[in-house]
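Just so it is clear, none of the values below were taken in a lab; they were calculated from the coordinates. Since the structure is predicted, the reported quantities are computational estimates derived from the model, not experimental observations. Every residue, glycine among them, receives a Cβ derived from its backbone with ideal geometry; neighbour counts consider all protein chains shown.
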Amino acid sequence: MPVRYPGFDTLALHAGQPPDPTTGSRAVPIYATASYVFDDSDHAAALFNMERSGHVYSRISNPTVAVFEERMAALEKGVGAIATASGQAALHLAIVTLMGAGAHIVASRSLYGGSHNLLGYTLARFGIDTTFIDPRDLDSWKRSIRPNTRLLFGETLGNPGLDVLDIPAVADIAHDHGLPLLVDSTFTTPYLMTPFDHGADLVYHSATKFIGGHGVAIGGVLIDGGTFDWMASGRFPTLTEPYAGFHGMNFADESTVAPFLLRARREGLRDFGACMSPHTAFFLLQGLETLPLRMQRHVDNARKVVEFLSSHAAVESVAYPGLPSHPDHALAQRLLPRGCGAVFSFNMKGSRAAGRTFVESLQVFSHLANVGDAKSLVIHPASTTHFRVPDEQLEAAGITQGTIRLSVGLEDPADLIDDLAQALKRAQKVG
Amino acid sequence: MDLTTSPRLYAYTGGKAFDAAKPTVVFLHGAQHDHSVWILQSRYLAHHGYGVLALDLPGHMRSDGPPPGTIEEMADRVAEALRSAGVGRFVVVGQSMGSLIALELAKRMPESTRGVALVATAFPMRVAEPLLNATRDAPDDAMDMINVWSHSPSIAGFDRKPSNPGPGFSNMWQNLRLMQRIQRRNGATVLPTDFVACSRYAAGLETAAALQCPVLFVLGNSDSMTPPRAAKALVDACRQPQIVTLPHAGHALMSEDPDGVRKAIAEFARRVFATTS
């Protein structure tokens, strides 16, 4: 008696939005409003007190944003989602919902530079410390857990060396210690991997990247798998004890599987206020509708570009888990059977000047600080995204002065390869 | 709050301290569920003049003990719990398996029962043999079946508005995660035990016929687990049936139409407590 949930492609188009009941609008309307008229005083009080579902003020929730949230939750198989002003805001929201000063995080050292900044410098100023570790060293995850640790954190594909996070193994370590695992799934999207299926408990994306795919809007989204038992853990009083900031509400009493989201919205969005605008949600939804089509093309193009670079005389190495030479190749085949994404790094032979010439010679690839755009992108991490990271940590993360990061877009792959070939030729002349 | 019975039972009180002096509304969940399926309805009533006890049935989530093997035993445990809490007059609201327990509870406490609300009910409530077997042999498959069949067909299970308990939530995946959580916390025997209890319950019609209080039926037009036609025998057996049919809700109608269920229960409670002392 088999049953089937609607498929990924269908959910990407429909989840979270029936046709608008008032106008019949098939497209998601942009509800550009700060607030919502109450039916009467009782309705107002019931909405404020979480006795009824609905919208009060667009910092807390908005109908357009809710479509995006519910669609992302559907695709990730999460109990719900909260859209945020950026991916960084999503990471911040996850952390501050779970812990305060005196807490500790164990994080992969292979992180986006912005995440490294937040954990390594900014949150430390607020009393939350982070130990950065080699994500491939499972013993290091275990060894670094302290009594005050509240979270393990990594990226599905590490930045920039594409270390594949062994989510099942790291999740087991986290759960053995009564801790949740948060993963940044920006590089993989739910099309390539649904981390909850492998044991992760919380997932977030910079939706600016592949989720939107067009590079026109900054946004983030935090999704709760509903899998972590906060009460059994006993380490998360923000979720399992009365909260004076909401009439003594105990979020775990209200919802067995989603207390995290209740607190994150009722406190985190309310007080920190890093919400998503309905216009941004609309933009991101336009991209999300075609996510499966785009991601497949991204991956197909990336494979061709990787193949070209791997055999080019001017290229020293290519870090792509789809290659048998990558240390995580076997793990990638297990966790990422559809492909390893379209963002990867390679090291050029020659001087830093050669690298500069290469980047500046590209015509189709755009030189900018972003990834996951429909258009192909290039950047030099050591001087841009990771310029604040100390040299020894850069080296540990696999970044050298010759490292170039590409985000392979949706162009004709032959044009991408031609562009790379002519830029490499110019760079070789510099030596 | 914990109810001082043996085994100990947990009851969510709607975000307010329980006051037995107020008219009480008792919520009983269905198979492999817990109190949280009633989050909006129970919270609303607790803040509108009622004492609320939304129980975790024995052996479910926070309540101790093994899950009882029959509807009658479950009703015995619930009755003991209500007496221990000093509950006087009450309306009992049960969904699916909980609706059968509600009938039996009313039979056990006729002087206190002012009304019975049967949400997504049927009699007989026989669980199809392949599904029953799957609960024992392939519980993950069984939970997927229950989840899909509990919601409106096709994409409607993923686009219902308003989402429950608020914007940004997925009704479909919350329901699956709740069932999985109970399996992990309470063991793999809960679901087959609950389903066998539903299947074997035989006293529905005579119990319904003996009820002296008003009975509300809240049914979902898209319910494929307990379609409205499956409640007809019970409706016919009741002396004072009232029926509210929610046009776009499936078996999980508390999450698919939280306002419709809330309104139906709130209006019913208001009416029956107004007309009885």
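Only Cα pairs under 8 Å and 6+ residues apart enter the sum, and on that basis the relative contact order of chain A stands at 17 percent. 3J(HN,Hα) along region B:187-192: x, 7, 8, 4, 5, x Hz, from the Karplus curve 6.51 cos²θ - 1.76 cosθ + 1.60 with θ = phi - 60°, whole Hz, x for Gly and Pro.
FRET efficiency for the pair residue A:311 and residue A:395, taken as 1/(1 + (r/R0)^6) with r the Cβ-Cβ distance and R0 = 25 Å, rounds to 0.40.
Restricting to bridges with both residues inside region A:311-431, how much of the DSSP beta-bridge set is antiparallel, in percent to the nearest 5?
Details: 12 of 14 bridges.
Given both bridge residues lie in region A:311-431, the antiparallel proportion sits at roughly 85 percent.
Each part reduced to its alpha carbon centroid, region B:198-235 and region A:162-212 end up 44 Å apart.
Which of these, A:245, A:114, A:78, has the largest mean-square fluctuation under a Gaussian network model of chain A (Cα springs below 10 Å)? Highest fluctuation of the listed residues: A:245.
Less than 19 Å apart at the alpha-carbon level, and either on another chain or at least 8 residues along: which aspartates and glutamates does that give for residue B:161? Excluding near neighbours in sequence, the set is A:20, A:39, A:51, A:69, A:70, B:223, B:256, B:257, B:259.
Taking the centroid of alpha carbons for each part, region A:352-426 and region A:230-304 are 32 Å apart. The distance separating the Cα centre of region A:320-338 from that of region B:4-58 comes to 50 Å. Distance between the modelled labels on residue A:233 and residue A:45, one decimal in nanometres: 3.6 nm (7 Å Cα→Cβ projection). The modelled label-to-label distance for the pair residue A:414/residue A:353, using points 7 Å beyond Cα in the direction of Cβ, is 3.6 nm. Couplings 3J(HN,Hα) of region A:203-212, computed from phi: 10, 9, 10, 7, 6, 4, 8, 5, 4, x Hz, in residue order, whole Hz [Karplus 6.51 cos²θ - 1.76 cosθ + 1.60, θ = phi - 60°; x for Gly and Pro].
Hey, got the average number of other protein chain Cβ atoms within 10 angstrom for residues in A:76-83?
On the way: counts 2, 5, 5, 11, 11, 3, 2, 1.
Mean number of neighbouring Cβ atoms from other chains: 5.
With contacts taken as Cα pairs under 8 Å and at least 6 residues apart, region A:103-187 reaches a relative contact order of 34 percent.
Can you spot the lysines whose alpha carbon is less than 23 Å from residue A:429's alpha carbon? Ignore those fewer than 8 places along the same chain. Leaving aside lysines fewer than 8 places away in the same chain, those within reach of residue A:429 are A:349.
Only alpha carbons enter this Debye calculation for chain A, each as an equal point scatterer, and the log10 of I(q)/I(0) it gives at q = 0.11, 0.12, 0.14 Å⁻¹ is -0.84, -0.99, -1.30.
Per residue of the protein assembly as shown, what 222 nm ellipticity follows from adding -39500 (n - 2.57) for every DSSP H run with n ≥ 4, rounded to the nearest 500?
Details: 30 runs with 277 residues, N = 708.
Mean residue ellipticity, 222 nm, calculated: -11000 deg cm²/dmol.
Less than 5 angstrom separates the built amide H of residue A:409 from those of A:376, A:377, all sequence-distant by 5 or more or on a different chain.
For region B:2-275, the Kirkwood hydrodynamic radius comes to 18.1 Å, computed from all pairs of different C-alpha atoms. Per-residue mean of foreign Cβ neighbours for A:67-75 is 5 (Cβ atoms of other chains, 10 Å radius).
Taking all Cα pairs closer than 8 Å and separated by 6 or more residues, the relative contact order of chain B comes to 21 percent. Projecting the alpha carbon convex hull of region A:131-244 along each direction and taking the average yields 8.4 nm². Of the peptides B:109-119, A:92-102, A:155-165, the order by per-residue mean of other Cβ atoms within 10 Å, starting with the highest, comes out as A:155-165, B:109-119, A:92-102. The H on the amide N of residue B:117, modeled in the peptide plane, is under 5 Å from the matching H of B:92, B:93, B:94, B:216, each at least 5 residues off or on a different chain.
Setting aside same-chain residues fewer than 8 positions from residue B:22, which lysines have a Cα under 25 Å from its Cα? Here the lysines satisfying the reach criterion relative to residue B:22 are B:107, B:263.
Fraction of C-alpha pairs exceeding 14 angstrom in region A:340-381: 49 percent, rounded to a whole number. Set the Förster distance to 35 Å, then compute FRET efficiency between residue A:279 and residue B:16 from the Cβ-Cβ distance, nearest 0.05. Once rounded, the FRET efficiency stands at 0.35.
At a 10 angstrom cut-off on C-beta neighbours, averaged per residue, how do the peptides A:378-384, A:236-242, B:40-46 rank from highest to lowest? Intermediate results must be reported in sequence, preceding the final value.
Values: A:378-384: 19.4, A:236-242: 17.6, B:40-46: 26.6.
Top of the packing list down: B:40-46, A:378-384, A:236-242.
Counting only other chains, what is the mean number of Cβ atoms within 10 angstrom of the Cβ of each residue in peptide B:33-45? Before the final figure, lay out the partial values.
Numbers: counts 1, 2, 3, 8, 1, 0, 9, 6, 2, 2, 7, 6, 1.
Other-chain Cβ atoms within 10 Å of each residue's Cβ, averaged: 4.
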